[in-house]
Structure formats: structure tokens, C-alpha cells
Amino acid sequence: MGGRVNSIGIIGFGRFGKVLANILQKGFSIKAYDPKQSSPFSGVEFVSLDELLKEKTIFVAVPIRHFESVISDISSRISDGTTIIDVCSVKKYPVEMMGKSLPENVGIIATHPMFGPDSFMSNNRLKMMMNNTRDSHNQFKFWKGFFMDQGIQILEMTPDEHDRMAAQTQGVTHFLGRMLKEFGIKKTSIDTQGFRDLLDLVDQTCNDTWELYTDLQLYNPYTKDIIENLKKSTDTLENRLKELQS
């Protein structure tokens, strides 16, 4: 295989599923399935799950916590020659789930578009992590080229490499944003640019769902230790101040 793809399917049509559809509309007809979708979306045909599973390229854009159950549900119903592409924000977990559950004749491409609905609209320097996990049907090169043609920088790495870095970037960013919101950070009349950047961080991270925050913390195996080290750093700074006062 490895030829031209004309149509694709998307399982899950939440906030990021819509972003994905906007990108993919530039080259493909799109079918989507989401049991909660009730309103139409331009350029997308909503179909039953069985109908969608006839597609040869299927993007899975469901919350991380639901990923295993979705993959288990579709594993015995996928047609031969299909390639599954996930867009989860963590990578070791979904790759393990796909490798364990999907038949050998189903291709697997692991991706993490490192942008969300908000940053997609305002950022012209988009990045996407990709991993050629099991390219049974020679689709990896095609999809890498397509996303590059959309102006997206592609970073190839292993799921483990991704999660180690994401724990320090995405995990810490979302933790700090949520922590500052819990603290009650507010705009003042003497805000510096640095402070305004912190307010923007809160807005951006907290505009994502609470479920995304908890999934990033719980499903990346490296995030817990990173956050613990971050907390220890605050203790270190506090102890240094105490030393000056003693």
C-alpha cells in the first residue's frame, strides 16, 4: 500500500477532534463518530461507528482515560489494511494499548500534535511529534508529508523520549497554571509583562478541561516525579530565605 488516501475517519469529536477536522479538510473527505455529537460541522459527515470503521485511515481523538476501552471495542471490528493514528498527549500508554489490542495487520502511527484548540488559532509555529510505531501499510511517510505541507514541524521520537520531555514541559505547565488558579492570581493595576504572561498561562491551561489536566498527570509515567521535584524546589528556595533570616 502507501498510495493516496482520499478519505479518513475520526473517532471522538470534542475540542481537538474539531481542530483535527479543520486540518484534514484541506485534503480529505471526513467521516466522524462521537456519541455526544449533536450539531453539524462543516465538511464532516457523522456516521455510525460501524460505518466509520470501514475507513482505511482512522484518527482516534478521545480523552486519554477512554482510550483503552475505545481501542478494545474497535480491535475486532477494524477491516484489513487499516491504519490507526492516535493523537493522545501522552505516548507510552496509548502505544502499549494499541500494540496489545490491535491485530497485526492494522498499522499504528503514534502522534502528539503539540497544540490545542486555543494555540492552533494563534500560533503559526505548530509542532507535532510522530512515531512510526507499526507502519504495516506504508502510510507513515505520506502522513508526515501531509502535516509538513500544512506548515507543521514534525519531530520524530520514541514514545518514551516524548513522555520524558512532556513531563517537564506539558506536565509542569498545566500544573503551574492550575496551581496559580487555585491560589487566586488576579490582574492588578501595576502588572508587569512577566505577571501578564502568568495570567495568560492560567487562561490557556484552565481553558482546557479538568479531565485533560488529570490525564496528563496520571497517564504520563514521568510526571509525578517531575512535580515532586518541583515542589522540593519551592522548599529549597524557602529554606534559603530562612537561612538569611537566622
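The values are calculated or read from the model by the stated rules, or taken from the named source; none is laboratory data. These figures come from a predicted structure and were not determined experimentally. Cβ placement follows ideal geometry from the backbone for every residue including glycine, while neighbour counts extend to all protein chains displayed.
With respect to GLN25, is the statement that it is closer than 25 Å to SER119 by Cα, surrounded by fewer than 17 Cβ atoms within 10 Å (Cβ to Cβ) and in contact with a Phe, Trp or Tyr (Cβ under 6 Å, 6 or more places away or on another chain) true? So that I can check it myself, show each step before the final result.
On the way: closer than 25 Å to SER119 by Cα: yes; surrounded by fewer than 17 Cβ atoms within 10 Å (Cβ to Cβ): yes; in contact with a Phe, Trp or Tyr (Cβ under 6 Å, 6 or more places away or on another chain): no.
No.
Whether any residue in the range 199-206 is within 18 Å of the chain's Cα centre (by Cα) and outside any helix (DSSP H, G or I) is what I want to check.
no
Keeping to the range 80-132, report how many residues are touching a strand residue (DSSP E or B) at 6+ places or on another chain (Cβ under 9 Å) and either among the aromatic types (Phe, Trp, Tyr) or assigned by TED's automatic domain parsing to the domain that holds LEU212 (or both).
The qualifying residues number 2.
Pick from SER101, SER79: which is at pLDDT below 95, hydroxyl-bearing (Ser, Thr, Tyr) and surrounded by fewer than 19 Cβ atoms within 10 Å (Cβ to Cβ)?
Working: SER101 fails: at pLDDT below 95.
Matching residue, one of SER101, SER79: SER79.
Name the residue, out of SER89, SER39, SER76, SER69, that is of a type in the set (Ser, Thr, Tyr) and closer than 28 Å to GLY151 by Cα.
Details: SER39 fails: closer than 28 Å to GLY151 by Cα; SER76 fails: closer than 28 Å to GLY151 by Cα; SER69 fails: closer than 28 Å to GLY151 by Cα.
Just a single option satisfies the conditions, and that option is SER89.
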